[in-house]
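One structure is given here, and the rest of the page talks about it.
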Amino acid sequence: MKFFIDTANLDDIREAKDLGILDGVTTNPSLMAKEGITGQDNIYKHYEKICNIVGDGDVSAEVIATDYEGMVREGKILASIHPTIVVKVPMIKEGVKAIRYFYDNEIRTNCTLVFSSGQAILAAKAGATYLSPFVGRVDDITWDGIALIQEISDIYNVQFFDTEILAASIRTPLHIVQAAKAGAHVVTCPLNCITGLLKHPLTDIGLAQFLADHRKANG
Ligand code: E4P
């Protein structure tokens, strides 16, 4: 399973990269705004900075346009910033058309804002590289985000779709474990969810005991 970090914060991306387990980055317009990155040129430069930190890993950069021609125009610019850029396209009618265009022109895509298995089938048919079902936002309305990942995984397996399931809107370390079990190929989440996987009280107690015993024996 691949680990992507869901942020536009360069320090967090560097920290995840230093951990040695980072496979990529996802961003969205809200995350870019949160970092105070505004204006087309600055946004493109920021994507370049992210790509340079991540190295070989994929970096999702989202189009702002909502019409087919605009998405295609914007997606081509984004894809030209760096070879690791994956164009993030919303799950709307024009988006499906744009995903097919990008597929035919060998530009990789991440279909975002996915909340149903029907949408997942459409995105895979159009040729999306990645599919982003939003686990946390489904949970927010008391539906089951992990059950959605499981259902999409079952469908993609029986239909032999190549699209990778990128479990997005991951809010807790438990979500990561559940998404892995449900068949997600990728999870994307904030840094604290990744580091949260480290935590176990028995690890802390055990390490403290080992060090104490070593000190006692060695002075
Ligand atoms: C990633 O691709 C999504 O944009 C992101 O995971 C959404 O997460 P949120 O629901 O926590 O904003």
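Structure notes:
- Backbone HN-Hα couplings from phi across segment 141-158 [Karplus 6.51/-1.76/1.60, Hz, Gly and Pro as x]: 9, 6, 8, 10, x, 6, 4, 5, 4, 4, 5, 5, 4, 4, 5, 4, 5, 6
- Projected-area mean, the chain, by convex hull of Cα positions, square nanometres: 14.4 nm²
- Pairwise Cα inverse-distance average, inverted: Kirkwood Rh of segment 109-185 (Å): 11.9 Å
- Exposed GluC sites (Glu not before Pro) absent - longest run of the chain, DSSP non-H/G/I/E/B, at most 16 other C-beta within 10 Å: 107-219
- Across segment 180-188, coupling constants 3J(HN,Hα) worked out from phi with the 6.51/-1.76/1.60 Karplus curve, θ = phi - 60°, read 4, 5, 7, x, 5, 7, 9, 10, 10 Hz, and Gly and Pro carry x.
- Counting DSSP beta bridges with both ends in segment 2-217, the antiparallel % (nearest 5): 0 percent
- A Gaussian network model of the chain, with springs between Cα atoms under 10 Å, assigns the largest mean-square fluctuation among 34, 125, 199 to 199.
- Over all distinct Cα-Cα pairs of segment 1-109, the Kirkwood formula returns a hydrodynamic radius of 14.0 Å.
- Accessible area expressed per residue, the chain, with surrounding protein chains retained (probe 1.4 Å, Å²): 52 Å²
- Carbon/sulfur fraction of accessible area - the chain, other protein chains in place, 1.4 Å, %: 55 percent
The values are calculated or read from the model by the stated rules, or taken from the named source; none is laboratory data. Keep in mind that this is a model prediction, so the values were computed, not measured. Heads up, the Cβs are rebuilt from the backbone with ideal geometry, glycines too, and the neighbour counts pull from every protein chain shown. What goes into the accessible areas is simple: the full protein's heavy atoms, side chains included, and nothing from ligands, DNA or RNA. Shrake-Rupley method; radii C 1.70, N 1.55, O 1.52, S 1.80 Å.
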